[in-house]
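What follows is a short report on a single structure.
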Amino acid sequence: MKIQLNSEVDRLRSVLVHTPGIEMENMTPDSAPEVLYDDILSLPLASKEHAQLTGVLSQVAEVYELKPLLTDVLADATVKQALLEDIVALYRCPDYLDRLMPLAPSLLAAQLIEGTPKVTTSLERFLDPSPYVIPPLPNTFFTRDATMCLNDRIIIGSMAYRARVAESLLLKSIFNHHPKIEANGFYFDGTVHQDSKITIEGGDLLVVREDVVLIGYSERTSVVAIDHLMKSIAKQGPVRHFIVVEIPQSRATIHLDMLFTLVDFDRCVVFPPMIEGTHSAPAYHCFFDDSNLDEIHAITEYPHVLAAARAVGIDLNPIPCGGDQRFHQEREQWASGANFFTFAPGQVLGYAHNEHTIAAMQAAGFNVAHASEVINGERPIDPAEKILVTMDGAELSRGGGGCRCMTMPLARQPSG
């Protein structure tokens, strides 16, 4: 698979996902906050919903699962050793290196995601209430956050919370060593910035055009990291324009893609109060000139992201998440109503429970079909039609993300 991602909406060729597994059941009400959950989720329900996501994606693109890719790279003893050294250092359990190295790749991949049970070898471990020395990673099905693809290169996230750092280490190993992955190196490796103020996650990076990127300055992505990332990307090209959107740092607005996603070249779904309203999030157009890529050439402030996009020749028509009423907008934004995944221009995946957002999409000219109809062949998708494919997501959305969060596109077919 050759990495090639020049936009959010070009026709999808390949995508990385992770089907939720035992790691989700290895949470308890007490441990849920530690892994950034408000509640525990039902694995059987979440699995049925996620199967609709992968079922639709497999109709339109090549779908790769994270765990088999991880299993493949763990078959190399050198890669295995290096990854495990990073993992045991992260969780301060160096004595477990010798316990983990002999494990078969498939078993080890499962343990690294689902959790590695502790062996009581000290009073400290005996008194620790967790049954795991390497904890479960129930956020792994949100594949968007720990890795980003941009043009022909990779960005490894620098995760804001320790509970998610291991995800970036696993994905870094995959993108570095899997024989099927062809990339032109890394723009940025966030794993070297642990325990620092440099944090950036994939929900805050949207590829608008080959030379234009949106970045959210959010709860999970720091302005220090944005400066580092912009300079690194600009130096390696071809991006020269960055639009940084300063969003409130709150649970409801974890990332930019919870407020704004592109659903076509000229359409976006937005949470109106923060994108268009009187209290909209300000946007800063940062431009790098070829004569000096070591620093920003010019910064221009705009009242919101739509105005900043127009300044670089991108005119976007917004569709309101939750429709026209503020009450419905707030409820559906909380339920990932603005978080769509676009698999072709004007062809998107979203949650079925956001009824007012769906109505707004229909008013904007999108047909609507349920994932089950597409998977069963009852509802073929015309390549030219505008369509919203809805999937059940009442359980998955309780994890704090939507269809874009659960998908990491690896390659799209460039338009034109």
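Any read-out appearing in this document is the output of simple, stated calculations on the displayed coordinates, not a laboratory observation. Everything quoted here is computed from the prediction, not taken from an experiment. No Cβ is skipped: glycine too gets one built from the backbone with ideal geometry, and neighbour counts run over all protein chains shown.
Note on S250, S14: ascending count of other Cβ atoms within 10 Å places them as S250, S14, the fewest first. Using C-alpha pairs below 8 Å separated by at least 6 residues, the relative contact order for the range 281-416 is 20 percent.
What does the C-alpha gyration tensor say about the overall shape of the range 6-62? Classify as rounded when a/c is under 1.5, otherwise prolate if a/b is larger than b/c, or oblate. Here the range 6-62 falls in the prolate category. Can you find, among L316, A298, T278, the residue farthest towards the positive end of the dipole of the range 275-328? Put +1 on the C-beta of Lys and Arg, -1 on that of Asp and Glu. Positive-most Cα among the choices belongs to T278.
The label point for E246 and the one for A51, both projected 7 Å from the Cα toward the Cβ, are 4.8 nm apart.
Compute the length gained on full extension between A32 and H297: take 0.36 nm times their separation in residues and subtract their Cα-Cα distance, giving the result in nm to one decimal.
Numbers: separation 265, 0.36 × 265 = 95.40 nm, distance 4.44 nm.
The span from A32 to H297 would gain 91.0 nm if fully extended.
Each of S106, I154, T78 was scored by the projection of its Cα onto the charge dipole of the chain, and the greatest displacement toward the positive side belongs to T78; charges sit on the C-beta of Lys, Arg, Asp and Glu.
For each pair in K2/K386; K180/K231; K67/K172; K80/K172; K48/K118; K67/K231, compute the distance between the two Cα atoms and list the pairs where it is over 22 Å.
On the way: K2/K386 28 Å; K180/K231 29 Å; K67/K172 13 Å; K80/K172 12 Å; K48/K118 31 Å; K67/K231 33 Å.
Too far apart for the 22 Å limit: K2/K386; K180/K231; K48/K118; K67/K231.
Springs join every pair of Cα atoms under 10 Å in this Gaussian network model of the chain, and among A384, A360, A109 the largest mean-square fluctuation is at A384. For G393, the residues 5 or more places off, or on other chains, whose built amide H falls under 5 Å of its own are A352, H353.
May I ask for the equivalent-ellipsoid semi-axes of the chain, computed as the square root of five times each C-alpha gyration tensor eigenvalue and listed largest first in whole Å?
Values: eigenvalues 218, 126, 87 Å².
In descending order, the three semi-axes are 33, 25, 21 Å.
Computed packing ranks the peptides 64-70, 170-176 as 170-176, 64-70, most packed first, by mean other Cβ atoms within 10 Å.
Residues of the range 387-409 with an amide N closer than 13 Å to a point placed 7 Å from the Cα of D39 along the Cα-to-Cβ direction: 394-400. The order of the peptides 49-61, 27-39 by mean Cβ neighbours within 10 Å, most packed first, is 49-61, 27-39. For H177, neighbours were defined as the other residues whose beta-carbon sits under 12 Å from its Cβ, and their charges (Lys and Arg +1, Asp and Glu -1) total +1. When the square roots of the Cα gyration tensor eigenvalues are ordered a ≥ b ≥ c, the ratio a/c for the range 263-416 is 1.5 or more and a/b exceeds b/c, which makes its shape prolate.
With charges set only on the Cβ (+1 for Lys and Arg, -1 for Asp and Glu), what does the dipole of the chain come to about its Cα centre, in debye to the nearest 20?
That gives a dipole near 340 debye.
Scaled against 2.2 N^0.38 Å for its residue count N, the alpha carbon radius of gyration of the range 305-387 is 1.19.
Taking a ≥ b ≥ c as the square roots of the eigenvalues of the Cα gyration tensor, an a/c ratio of 1.5 or more together with a/b no larger than b/c marks the range 13-123 as oblate. The residues S42, S397, when put in order of fewest to most other Cβ atoms within 10 Å, stand as S42, S397. For the range 84-129, the spread of Cα positions along the three principal axes, ordered from largest to smallest, is 31, 18, 17 Å.
Explain nothing, just the number: dipole magnitude of the range 342-400 about its Cα centre with +1 on each Lys and Arg Cβ and -1 on each Asp and Glu Cβ, in debye rounded to the nearest 20.
160 debye
Sorting T78, T121 from the fewest to the most surrounding beta carbons within 10 angstrom yields T78, T121.
Please get the size of the charge dipole for the range 57-187, origin at its Cα centre, with Cβ charges of +1 on Lys and Arg and -1 on Asp and Glu, quoted in debye to the nearest 20. Present the calculation step by step, with values, prior to reporting the outcome.
Working: 12 positive and 15 negative charges, 45 e Å.
Approximately 220 debye in magnitude.
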